[in-house]
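A short write-up of the structure that comes next.
The values are calculated or read from the model by the stated rules, or taken from the named source; none is laboratory data. As the structure is a computational prediction, the values presented were derived from the model and not from experiment. Glycine gets a Cβ as well: all are built from the backbone with ideal geometry, and neighbour counts include every protein chain shown. Only protein heavy atoms, including side chains, enter the accessible area calculation; ligands, DNA and RNA are left aside. Shrake-Rupley method; radii C 1.70, N 1.55, O 1.52, S 1.80 Å.
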Amino acid sequence: MTKFDVAIIGSGPGGYVAAIRCAQLGMKTALIEKYSTLGGTCLNVGCIPSKALLDSSHHYEDAVKHFGEHGIDIDGTVKVNLEKMIARKQAVVNQTTAGLDFLMKKNDITVFEGMGSFLNKNNVAIAKADGSSETIEAKHVIIATGSKPNNLPFIDIDKERIITSTEALKLKEVPKHMIVVGGGVIGLELGQVYSRLGAEVTVVEYMDRIIPTMDSGLSKELGKVFKKSKIKILTSHQVTAVTRQNDVVKLKATEKTGKEIELTGDYCLVSVGRKPYTEGLNLEAAGVGMDEHGRVAVNVHLQTNVDNIYAIGDVVQGAMLAHKAEEEGAFVAETIAGQKPHIDYNLIPNVVYTWPEVAAVGKTEEQLKVEGVDYKTGQFPMRALGRSRASNDLDGFVKILADSTTDEVLGVHIIGARAADLIAEAVVAMEFRASAEDISRMSHAHPTFAEAIKEAALAATENRALHM
Ligand code: FAD
Ligand code: NAD
């Protein structure tokens, strides 16, 4: 039986980063993945393919709606070739997952293709597609088995017309009317993809606003932009039924007032969150415990109740984000190696890749109010920037929340062009516990979208934004 220092089950951003870091630290490392490609949800059916389709559909929308404004006339019609668009997305995925194969080889990591399940706390059986099985022994095991789409108990996801994000990434036609259950990240990103490609899109959200876990100012601004782009959003609606007859799907929901509504479409995307995935792991054989939400229970060191077994990423508590899983992968590798790593979960940024992009780090206004923190606000609109006018990306703002007494930045909330990249500045500032004044005194290149961060910081410090 082959013996390893560490065996990692699951090759998503949590698992593969843990594998690389373990190998870098000199451990003999095994990575077990049940699918034939590495990379997990993120690379195969998550972050990367969704961003590829967001980019392609954005180009199409620009060509149809905005080229004219820039003095570019198109002679003839601009058409969507969905088959080609989906094929390009798949090529991006294939290239990215192949890159992981290279990284595993480069780092001397032994990859096993098959379903990993515990035999006991040190032995993992790997069931392969050809029916054979192999058992390995490991001093330490890291569970990185990720998550799967959640569902509502009364919905039958047939994967044809009533679908999850996985199917929405490979549709064969542009829906006529896509009904989206859930106005969170997936619903809005993929809803925008198909809206841009010509579908009528209706988002039905249970809470009183979209992206309800983010700062309410961001929800409001994104809602306004979506309304302009004709994406219909129904908030405070509880979905009670989704049914399909041939090519027609029907959704019933109850408004807060008690009024019943019915929607008819040809596709229904169910995006009501994801749930941790532990099926087939045989956790009982190793004695690993779960928490009340069906996640693998871990302590602050991401260690389970069995001392040589750790768990990371979507399968444990916390935000279900690729970069959170990556941080945890490196964290556990370094912990096993005897180091003392640290993760500040408050500073894991959150991004929605719609256009305008939405990105945030730290506390929301709602959280600061609940915590009773005395804070001040500085906000600056994107439309006041020369850079925004040059590219005609006028929607959005930067909002900085800072402690009223110390001026320390407590939260940064951005909606606008390239917010996903801009938020990195806020993360750096907050990691170094910068004050709003610190940010306001740093030179920001002109003309850039990042100038809005400096201006918001000036507004937070002394209410003295320069260009407003
Ligand atoms: P996963 O990526 O889910 O990987 C787990 C792996 O374990 C899988 O490959 C699975 O096959 C394997 N596995 C499970 N059980 C076993 C077993 N018993 N034996 C062997 N292998 C097993 N996050 C972001 O930060 N940014 C984004 O832009 C973003 N976009 C997303 C878009 C979509 C449509 C979706 C669905 C998700 C998106 N996410 C995004 C979330 C992100 O994909 C997850 O947070 C991330 O993939 C979690 O990483 P992980 O390593 O914990 O698990
Ligand atoms: P989500 O938690 O972001 O959103 C789910 C939404 O569904 C919430 O707004 C919730 O209020 C709503 N909802 C729940 N039950 C409902 C009901 N009965 N009727 C109507 N609405 C209901 O989940 P998601 O969009 O499915 O995404 C899953 C996970 O994947 C998220 O945790 C997210 O972190 C991750 N993800 C991240 C990104 C990114 O980082 N850009 C992109 C996609 C997915």
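Assorted remarks:
- G14 vs. criteria farther than 18 Å from Q95 by Cβ, of a type in the set (G, A, S), touching an Asp or Glu at 6+ places or on another chain (Cβ under 7 Å) and not in a strand (DSSP E or B): yes
- Of the strands (runs of 3 or more DSSP E) entirely within region 334-411, those holding at least 2 residues that are hydrophobic (A, V, I, L, M, F, W, C), open to solvent by less than 50 Å² (accessible area, probe 1.4 Å) and within 17 Å of K324 (Cβ to Cβ) occupy 350-352, 357-362.
- Those residues of region 280-292 which are open to solvent by less than 60 Å² (accessible area, probe 1.4 Å) and part of a helix (DSSP H, G or I), in sequence order: L283, A285, A286
- Every pair of residues 6+ apart whose Cβ atoms lie under 8 Å, when the first sits in region 145-172 and is under 22 Å from E326 (Cα atoms) while the second is among the aromatic types (F, W, Y): T145/Y277; G146/Y277; S147/Y277; K148/Y277
- Scope region 293-308; condition under 20 Å from K275 (Cα atoms) and outside any strand (DSSP E or B); matching residues: H293, G294, R295, A297, V298, N299, L302, T304
- Condition check for E61: open to solvent by less than 60 Å² (accessible area, probe 1.4 Å), of a type in the set (D, E, K, R), touching a residue at least 40 places away in the same chain (Cβ under 8 Å) and away from ligand 2 (no atom under 16 Å from the Cβ): yes
- Here is the figure for region 249-267: residues that are surrounded by fewer than 19 Cβ atoms within 10 Å (Cβ to Cβ) and in a strand (DSSP E or B) total 8.
- Remark: pairs (first residue in region 347-370, farther than 14 Å from G411 by Cβ; second residue among the polar types (S, T, N, Q); Cβ separation under 6 Å; 6+ apart in sequence or on different chains) = T354/Q192.
- Considering (1) closer than 27 Å to G265 by Cβ; (2) touching a strand residue (DSSP E or B) at 6+ places or on another chain (Cβ under 7 Å), the lone condition that T135 does not fulfil carries the number (1).
- Only a single criterion out of (1) of a type in the set (A, V, I, L, M, F, W, C); (2) open to solvent by 20 Å² or more (accessible area, probe 1.4 Å); (3) not in a loop (DSSP other than H, G, I, E, B) is not satisfied by A319, namely (3).
- Region 118-137, residues that are open to solvent by 30 Å² or more (accessible area, probe 1.4 Å) and small (G, A, S): A127, A129, G131, S132, S133
- In region 207-242, residue nearest to D55 (Cα to Cα) [restricted to those that are surrounded by fewer than 18 Cβ atoms within 10 Å (Cβ to Cβ) and among the hydroxyl-bearing types (S, T, Y)]: S229
- Per the listing G378, G372, the residue uniquely out of contact with any helix residue (DSSP H, G or I) (no Cβ under 9 Å at 6 or more places or on another chain), outside the structural domain of K51 (by TED's automatic domain parsing) and modelled with pLDDT of 95 or more is G372.
- Filter result for A325 (closer than 28 Å to H444 by Cβ and either open to solvent by 20 Å² or more (accessible area, probe 1.4 Å) or modelled with pLDDT of 95 or more (or both)): no
Residue-by-condition table, conditions (1) surrounded by 24 or more Cβ atoms within 10 Å (Cβ to Cβ); (2) in contact with a Pro (Cβ under 7 Å, 6 or more places away or on another chain); (3) modelled with pLDDT under 95:
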position: I415; (1), (2), (3): yes, yes, no
position: A420; (1), (2), (3): no, no, no
position: A436; (1), (2), (3): yes, no, no
position: S443; (1), (2), (3): no, no, no
position: A450; (1), (2), (3): no, no, no
position: E462; (1), (2), (3): no, no, yes
position: A465; (1), (2), (3): no, no, yes
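- Scope region 120-165; condition more than 22 Å from A286 (Cα to Cα), within 10 Å of ligand 1 (Cβ to nearest atom) and among the polar types (S, T, N, Q); matching residues: T164, S165
- The residues of region 138-157 that are over 30 Å from T304 (Cβ atoms) and open to solvent by 50 Å² or more (accessible area, probe 1.4 Å), listed by number, are F154, D156.
- Looking at R244, R295, just one residue is in contact with a helix residue (DSSP H, G or I) (Cβ under 9 Å, 6 or more places away or on another chain), among the basic types (K, R) and modelled with pLDDT of 95 or more, and that residue is R295.
- Residue match in region 44-52 (condition: of a type in the set (G, A, S), assigned by TED's automatic domain parsing to the domain that holds D101, surrounded by 11 or more Cβ atoms within 10 Å (Cβ to Cβ) and out of contact with any helix residue (DSSP H, G or I) (no Cβ under 6 Å at 6 or more places or on another chain)): yes
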